[in-house]
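Here the structure comes first, spelled out in structure tokens, and everything after it is commentary.
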Amino acid sequence: MAPPNVLAEIATEQQKVTAEIRELDLLIESTQTEVNRLKSREDQMKAKVEEVRRNPGNFQREEIFGATDEHAAALARRMTMEGQLNSLQSKRKLIDRSAQILATAQRQLTEYTAPPLPPDTAPLIDESRLLQAVVDTQEEERKRIARQVHDGPAQAMANVVLQSEISERLFDVDAQKSRGELASLRQMVNKTLQELRGFIFELRPMILDDLGLVPTLRRYVQTLIDKHGVRIDFSSTGRDRRLPSDDEVAIFRLIQDSLVERIDKAQAKEIVLGLQWKEDTLDVLLQSDGKELPPDGELQSGIRRSERLELLHGESTHESRADGNVVLKVKIPIRSAPQLVS
């Protein structure tokens with residue numbers, strides 16, 4: 001039989017997992033209820049939009065635009081809540097797997113007597129693999145939300161375009177005013193589409209798969225400049241190249257989280273981001289003004305920087321300089337991307 005202290009530790013972990021499962025079940029139940037409520041509200045707004053579409057002459061201009069706006073807002077709220085629900089359900093599946101591993105470990109340790117394991121034997125629960133599973137789950141969720149937001153709001157935008165046609169018919173008596181109203185509506189649609197594209201990019205930048213790390217970072221840096229009004233000096237030196245997909249995603253998320261941390265939490269206004277490609281390593285420099293933060297606090301994604309680096313087998317240094325700048329240096333070993341067989 002295994003030593004009592006080992007069995008006690010496993011029992012303690014099982015209690016923690018059981019408590020977290022109960023908490024997640026309550027959250028999932030309440031979130032599902034909210035999704036159902038929001039879906040009902042969305043259906044009501046959709047019915048109203050369809051009624052306006054069938055009988056535009058029976059409604060005022062404000063009612064027409066209001067119905068479309070309310071439907072789009074209800075759709076967005078429902079999709080956001082469904083994203084949270086799917087995230088909770090994914091976490092529930094991961095914890096279930098952990099519970100099964102703990103139960104198996106407890107049963108095997110109770111039933112069998114094993115000789116002492118060599119010092120270099122891998123642990124029963126591989127923490128690095130578990131962490132990788134968490135990251136993979138998050139990335140799959142980002143992809144799913146990106147696809148859903150891409151498809152759903154497109155219908156909302158189509159409704160807005162349709163409302164512009166209705167408005168055109170309603171304002172036949174005043175052509176000049178009609179043109180002005182339609183021009184304003186089109187501007188609103190274009191602005192909404194630009195914001196939507198930015199949102200999709202933050203969730204899952206598709207060009208990361210197509211073009212690689214450097215072009216994706218250039219575009220992301222520009223979105224931060226436009227959105228927050230900060231100054232970011234981005235440069236990449238050396239021979240940049242494609243990396244394995246998992247590495248590119250992990251490096252992008254590491255830099256993305258670090259930039260958001262400096263902008264949102266540290267209130268930074270001047271940032272320097274530099275990539276230096278070497279033969280065997282990628283060196284990342286992030287320097288900014290703003291407040292000093294813990295060197296390894298929890299990032300926006302919920303994962304610490306050290307955990308991101310552990311997956312990449314990288315290392316980092318953090319320095320607060322006398323001039324008020326904070327400098328983060330990261331060194332990441334480079335693996336070659338798999339070659340396609342022609």
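Data table
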quantity	calculated
Zero-based 5 Å bins, Cα pair distances in the stretch 192-327, whole percents	2, 9, 20, 23, 23, 15, 6, 2, 0
Cα-only radius of gyration and Dmax that characterise the stretch 240-312, units Å	12.7, 35
Projected label distance in nm at residue 283 and residue 104, using a 7 Å step from Cα toward the beta-carbon	4.4 nm
The stretch 15-88, Rg to Rh (Cα coordinates; Rh as Kirkwood inverse mean 1/r)	1.25
Reachable lysines from residue 278, criterion Cα separation under 19 angstrom, eight or more residues apart if same chain	329, 331
Label-point separation, residue 80 to residue 304 (7 Å along Cα→Cβ), nm	3.1 nm
Derived scalar couplings ³J(HN,Hα) [the stretch 249-264; Karplus, 6.51 cos²θ - 1.76 cosθ + 1.60; whole Hz; x for Gly, Pro]	5, 5, 5, 4, 5, 4, 5, 4, 4, 5, 5, 4, 4, 5, 7, 7
Mean accessible surface per residue for the stretch 239-342, computed with a 1.4 Å probe while every protein chain stays in place, in Å²	53 Å²
Inter-label distance for residue 225 and residue 264, nm, one decimal - labels placed 7 Å from Cα along Cα-to-Cβ	2.2 nm
Reachable lysines from residue 291, criterion Cα separation under 17 angstrom, eight or more residues apart if same chain	265, 269
Solvent-accessible surface (1.4 angstrom probe) belonging to residue 23, in square angstrom, nearest 10	110 Å²
Solvent-accessible surface (1.4 angstrom probe) belonging to residue 191, in square angstrom, nearest 10	130 Å²
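The values are calculated or read from the model by the stated rules, or taken from the named source; none is laboratory data. These figures come from a predicted structure and were not determined experimentally. Here the Cβ is made from the backbone with ideal geometry for all residues, glycine too, and neighbour counts use every protein chain on show. Heads up: the accessible areas ignore ligands, DNA and RNA and are worked out on the full protein's heavy atoms, side chains in. Shrake-Rupley method; radii C 1.70, N 1.55, O 1.52, S 1.80 Å.
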